[in-house]
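*Asks:* One structure, as C-alpha cells, below. Some questions next.
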Amino acid sequence: MGVPSFFLGIETVPLSSGMLLSQQRYMKDILKRAGMVDCKPVITAVSSAKITDDVAVPYADPTLYRSLAGALQYLTITRPDLSYAVNLLCQHIHAPTTTDLAYLKRVLRYVKGTLNLGLRMSRSTSMDIHAYSDLDWASDPNKRKSTSGFTVFLGSE
C-alpha cells in the first residue's frame, strides 16, 4: 500500500529527521464551516482577562457550537497546544452562551494563525521515559479553579 500520506484527516509530511503529522486541510475545513477563512489571527488561544458575564445570553445555534467544538477536539490529536482551550470550550457544550461563542471564535483565530503547526515524530534509539506535569492553583480568573496537566514521552527529547 505504500507510505501513508493522508488518513482520517491527518497528513504525514516526511522530514529529514522523521515526519510531521499535520491536520492543515482539516483546520482549513473547520475555518470554512465557521465562516472564518479570512479572520484576523491571534497569538494565544485563551485570553487571561477576567470575564464578567453578568447576564448569560444563550447562543441561538447550539448545534453549530457543538459541531465546531467537537471538530476542534479531534484537532488536538496533532495539536496538543489546543487541549486546554478546547477543554474550556467543551465544558459549556450542553448550553453555550454568546460569551462561549466568542471564546470559540478566539480559538479559531488562533488556529488560523498556526495552520503550519503539527506533531513532529522522529526515530529514537533511547527507551528513556520522560514525564512532565504542571499545576496552576486557582488560576481560573472567573471560578478560581485549579488546572493540571501532564505529558509523557518515550525516547530522547
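*Asks:* Within segment 112-131, how many residues turn out to be under 27 Å from Ala71 (Cα atoms) and surrounded by fewer than 12 Cβ atoms within 10 Å (Cβ to Cβ)?
*Replies:* 1
*Asks:* I've got another one for you. Answer yes if at least one residue in segment 113-130 is of a type outside the set (Val, Ile, Thr), under 25 Å from Lys32 (Cβ atoms), part of a helix (DSSP H, G or I) and at pLDDT 95 or above, and no otherwise.
*Replies:* Yes.
*Asks:* So Asn142 clears everything in (1) out of contact with any strand residue (DSSP E or B) (no Cβ under 9 Å at 6 or more places or on another chain); (2) surrounded by fewer than 12 Cβ atoms within 10 Å (Cβ to Cβ); (3) assigned by TED's automatic domain parsing to the domain that holds Gly18; (4) among the polar types (S, T, N, Q) except one condition, right? Which one?
*Replies:* With respect to (1) out of contact with any strand residue (DSSP E or B) (no Cβ under 9 Å at 6 or more places or on another chain); (2) surrounded by fewer than 12 Cβ atoms within 10 Å (Cβ to Cβ); (3) assigned by TED's automatic domain parsing to the domain that holds Gly18; (4) among the polar types (S, T, N, Q), Asn142 is out only on (3).
*Asks:* So which residues in segment 131-157 are farther than 24 Å from Val46 by Cβ and part of a loop (DSSP other than H, G, I, E, B), if there are any at all?
*Replies:* Correct list: Gly155, Ser156, Glu157.
The values are calculated or read from the model by the stated rules, or taken from the named source; none is laboratory data. The model shown is predicted, which means the values in this text are computed figures rather than measured ones. Note that each Cβ is placed from the backbone with ideal geometry, even for glycine, and that neighbours are counted across all protein chains shown.
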